[in-house]
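A short write-up of the structure that comes next.
The values are calculated or read from the model by the stated rules, or taken from the named source; none is laboratory data. This one's a predicted model, so the numbers in the text were calculated from it and none came from an experiment. Here the Cβ positions follow ideal geometry from the backbone for every residue, glycine too, while neighbour counts run over all protein chains shown. Remember, those area values only see protein heavy atoms, side chains included, never the ligands or the DNA or RNA. Shrake-Rupley method; radii C 1.70, N 1.55, O 1.52, S 1.80 Å.
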Amino acid sequence: NAGVTQTPKFQVLKTGQSMTLQCAQDMNHNSMYWYRQDPGMGLRLIYYSASEGTTDKGEVPNGYNVSRLNKREFSLRLESAAPSQTSVYFCASTPGTGGSQPQHFGDGTRLSIL
Amino acid sequence: QKEVEQDPGPLSVPEGAIVSLNCTYSNSAFQYFMWYRQYSRKGPELLMYTYSSGNKEDGRFTAQVDKSSKYISLFIRDSQPSDSATYLCAFSRMDSSYKLIFGSGTRLLVRP
């Protein structure tokens, strides 16, 4: 049972390059999330998708776009990468929306932007 | 004031010790309280999940919530080297909000 799968695991980009981070879950969950994790900052929500066909901004959406391709897949795109976007990116999912539902995480994508 | 405060550590203890990890929060609307464990180069995994004040026990782990003081704790009994990880507290509201608010994590090292 894979749970939440993120690809790639590591990536190095140059400033200005674009890239799409992929996330897929096999738990039939409705809601999916993208976070970034920086030292001393904890996990910060970038975007989320409460259900297939909907997306909404989180706490730090600037510089990112997302696509909920289908119920399983939720991608995060950096159109013009900046050094400030160097971070570890985590995708998560829950069966539905609402604060009562703990989130299930993937193992992250480590992204360095030079 | 940050919405959630968590000491980053590192906290270093000998094997077998009782570990106490803590978070304070300021938002009285939080109703769900969670602890996640994160091993190096891995994603957070849910460890404990509680609703309202009181204690919840699961094996060597006990989660404690004191809503009047806005303070939550995670106790680990008979700590093992395999418990070495970063522990993140997380909070959410009872309403339909999607949001989990995370602490920045406490790094724990259990020495053999």
- Message: Mean-square fluctuation check for chain A, GNM, Cα pairs under 10 Å: which of A:Lys14, A:Lys71, A:Lys57 is largest?
- Response: A:Lys14
- Query: List the aspartates and glutamates whose alpha-carbon lies under 12 Å from that of B:Lys42, not counting same-chain residues fewer than 8 positions away?
  - Reply: A:Asp107
- Item | Rounded to 5, the percent of DSSP beta bridges in the protein assembly as shown classed as antiparallel | 90
- Message: Roughly how large is the A-B contact in terms of buried accessible area, totalled over both chains, probe 1.4 Å, nearest 100 Å²?
- Response: 1700
- Mind telling me which of A:Gly63, A:Gly96, A:Gly42 comes out most flexible in a GNM of chain A, alpha-carbon contacts under 10 Å? A:Gly42
- Given the pairs A:Lys9/A:Lys57; A:Lys9/B:Lys56; A:Lys14/A:Lys71; B:Lys67/B:Lys99; A:Lys71/B:Lys56; A:Lys57/B:Lys70, which are separated by over 30 angstrom at their Cα positions? A:Lys9/B:Lys56; A:Lys14/A:Lys71; A:Lys71/B:Lys56
- Query: Top mean-square fluctuation among B:Ala63, B:Ala90, B:Ala17, Gaussian network model of chain B, C-alpha springs under 10 Å?
  - Reply: B:Ala17
- Note on the structure: chain A: Kirkwood hydrodynamic radius (Cα pairs, Å) comes out at 14.0
- Message: Averaged over its residues, how many other protein chain Cβ atoms are within 10 Å of peptide B:23-29's Cβ atoms?
- Response: 0
- Task: Heavy atoms only, probe 1.4 Å: what % of the accessible area of the protein assembly as shown goes to carbon and sulfur, would you let me know?
- Result: 48
